[in-house]
Amino acid sequence: MINIRGKLDPKVRLVGNGKTPVIVIDDFSDQIDALRQIANGYAHFSKATGGYPGQRAVLPSAYGGAIYNALESLIKSVYGLPSDNYGRCFHQLFSLVTNAEEDLSLLQRLPHFDTDKSSYFAVMHYLGDGDFGGTGFFRHRSSSIERVTVENKSLLTESVRREIEKSPPAPAYVQGSCDQFDMIDSIDYQMNRLLVYPGNLLHSGLINPARDVSHSVLKGRLTANIFVDFS
């Protein structure tokens, strides 16, 4: 179903003041078209729960295993994890941006984080064939927080709560820096590009509603997403 290239060529970007590694691998799968056809023909999409602004469907069960086997040693090496740590895959999903800007919740208009754990990683595989918006990484301006931890989580959430009560963000997708956050780096969308980044690094899809919002699996901003926890 998914064939990982025999020899990957990972690049590592060091993001922000914290120099957080973000792994970028182009031409990740030799069977990208087959994966797109599975999403179009067999996956059952429904409205996403949580903060994702669109629809999601469960990935084929073999996908997470193939991704994990291909990336385990690389993730451990780049992020300095013990070699005997075993990662668990969660939330293996196709994701498709479908929400109009006027339907966005308050938090969907801001960068976010997935966890306050340092050993929990997001893996995103760009599957769409088009000039879609990429992924941005952010620093909270007033606190200078880039990665959320147990120690700084309350500071961040309380600061953002006060800021948006005073000046709520407009009903629009994040496309760069805003009143509360500075964009410190971004990775362009390119079909068959795969990203790995810590889930506690502030991030957001850089969604252009004119071209990215679509209910068409083959024409929209389709991604495959899994999360790997090494804790």
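Quick look at the numbers
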item	result
Residue list for the range 29-57, restricted to those being at pLDDT 90 or above, more than 16 Å from the chain's Cα centre (by Cα), in a loop (DSSP other than H, G, I, E, B) and not aliphatic (A, V, I, L, M)	Tyr42, His44, Phe45
Scope the range 2-28; condition more than 20 Å from Leu202 (Cβ to Cβ), of a type outside the set (Lys, Arg), out of contact with any helix residue (DSSP H, G or I) (no Cβ under 8 Å at 6 or more places or on another chain) and part of a strand (DSSP E or B); matching residues	Ile25
Residue, surrounded by the most Cβ atoms within 10 Å (Cβ to Cβ), within the range 1-59, restricted to residues that are hydroxyl-bearing (Ser, Thr, Tyr) and over 25 Å from Leu74 (Cα atoms)	Tyr52
Failed criterion for Ser83 (all others in (1) within 19 Å of the chain's Cα centre (by Cα); (2) modelled with pLDDT under 95; (3) surrounded by fewer than 17 Cβ atoms within 10 Å (Cβ to Cβ); (4) not aromatic (Phe, Trp, Tyr) hold)	(1)
Residue in the range 118-132 that is outside any helix (DSSP H, G or I), surrounded by 20 or more Cβ atoms within 10 Å (Cβ to Cβ) and on the phi > 0 side of the Ramachandran plot present	no
The range 68-80, residues that are touching a strand residue (DSSP E or B) at 6+ places or on another chain (Cβ under 8 Å) and either under 16 Å from Pro198 (Cα atoms) or modelled with pLDDT under 90 (or both)	Tyr68, Leu71, Leu74, Ile75, Val78, Tyr79
Considering residues of the range 190-231 that are of a type in the set (Lys, Arg) and in a loop (DSSP other than H, G, I, E, B) only, the residue nearest to Leu14 (Cα to Cα)	Arg193
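The values are calculated or read from the model by the stated rules, or taken from the named source; none is laboratory data. What you are looking at is a predicted structure, and each value in this text was computed from that prediction instead of being measured. Reconstructed Cβ throughout: ideal geometry from the backbone, glycine too, with neighbour counts over all protein chains shown.
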